[in-house]
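The values are calculated or read from the model by the stated rules, or taken from the named source; none is laboratory data. Being a predicted model, the structure only gives us computed values, none of them experimental. Surface accessibility is based on the protein's heavy atoms, side chains included, excluding ligands, DNA and RNA. Shrake-Rupley method; radii C 1.70, N 1.55, O 1.52, S 1.80 Å.
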Amino acid sequence: MSPRRNRPRGGAEKRSDPTRAEGGDRYGLETTVSWRGEEWAVRTIGGGAATKHYRCPGCDQEIPPGVPHLVAWPQYGAGVDDRRHWHTSCWNARDRRGARLQRSRNAPRY
């Protein structure tokens with residue numbers, strides 16, 4: 001018995017991938033989510049596009065470079081400074097978690 005093929009045979013047919021249509025495979029599609037009476041824009045970031053350290057507001061832990069995560073910001077009246085980088089699991093559990101800041105006074109704010 002031969003091993004299973006992980007790639008489709010042929011290759012003449014190219015499937016359209018919506019994530020590649022918008023800036024390659026580094027950034028996902030932007031969606032709008034209603035949360036706390038406000039519209040939020042949410043975009044997934046792939047591991048290749050994550051090049052800096054970020055602090056997740058959901059768990060107050062660091063998101064190191066190379067880790068896929070998502071970015072959320074208020075849809076209307078928000079600037080670049082209002083964007084927040086979240087772990088995907090923290091964003092999915094945002095209603096079940098409280099804002100618990102456990103950071104010391106001298107800890108850096110990412």
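Applying 0.36 nm per residue to the separation of residue 81 and residue 32 and subtracting their alpha-carbon distance, the gain on full extension is 15.8 nm.
Just to confirm, what accessible area per residue do you get for the range 26-93 at 1.4 Å probe, in whole Å²? Write down the numbers at each step before the final one.
Working: 3780 Å² over 68 residues.
Here the residues of the range 26-93 average 56 Å² of exposed surface.
All C-alpha pair distances within the range 38-79, sorted into 10 Å bins from zero, spread as 28, 49, 24, 0 percent across the bins.
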